[in-house]
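Written out below as structure tokens is the structure these notes cover.
Only the coordinates and a few stated rules stand behind these numbers; no lab work does. Note that this is a predicted model, so its numbers are computed, not measured. So basically every Cβ, Gly included, is an ideal-geometry build from the backbone, and we count neighbours across all protein chains shown.
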Amino acid sequence: MTSHAIGGRKLSRKQGPRLALYKNMIVSVLRYERVQTTEAKAKEIRPQVERIITLAKKGDLAARRAVIAALPDEPLVVEKLFDEIVPKYASRTSGYCRITKIGVRQGDSAPMVQLELV
């Protein structure tokens, strides 16, 4: 039996490993500005990356602290976000990420995509 209005994909993981996966993927996208992953993971990560960039665009101390709380143990990524990534998107209101299909994975034919910052 399924419940309505419960968002998000489970990705065959329990909550803790799933949230850790999300955090690591967000850090990878912000650090390398592109990452190859499965379509389901990319569709789950994109709104979170865009939310963090939008939050960082505020640029005040509260926004910086909120980003640091979302990405603990990653001071270099936080600095890159505020110093390099946010100025790039000053004129853009949303749509900071692009998902491009790149085929299927050889082992299990999972649809693979490239998630990149525009």
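For Ser12, the conditions (1) part of a loop (DSSP other than H, G, I, E, B); (2) among the small types (Gly, Ala, Ser); (3) within 16 Å of Leu117 (Cβ to Cβ) all hold with the exception of (3).
When Leu76, Leu55 are checked against the criterion of being part of a helix (DSSP H, G or I) and surrounded by 16 or more Cβ atoms within 10 Å (Cβ to Cβ), Leu55 stands alone in meeting it. Which residues, taken from region 94-118, are part of a loop (DSSP other than H, G, I, E, B) and more than 15 Å from Val49 (Cβ to Cβ)? The answer is Arg105, Gln106, Gly107, Asp108, Ser109, Ala110. Scanning region 58-73 for residues that are under 17 Å from the mean Cα position of the chain (by Cα), without any contact (Cβ under 8 Å) to a residue 40 or more places away in the chain and in a loop (DSSP other than H, G, I, E, B) yields Pro72, Asp73.
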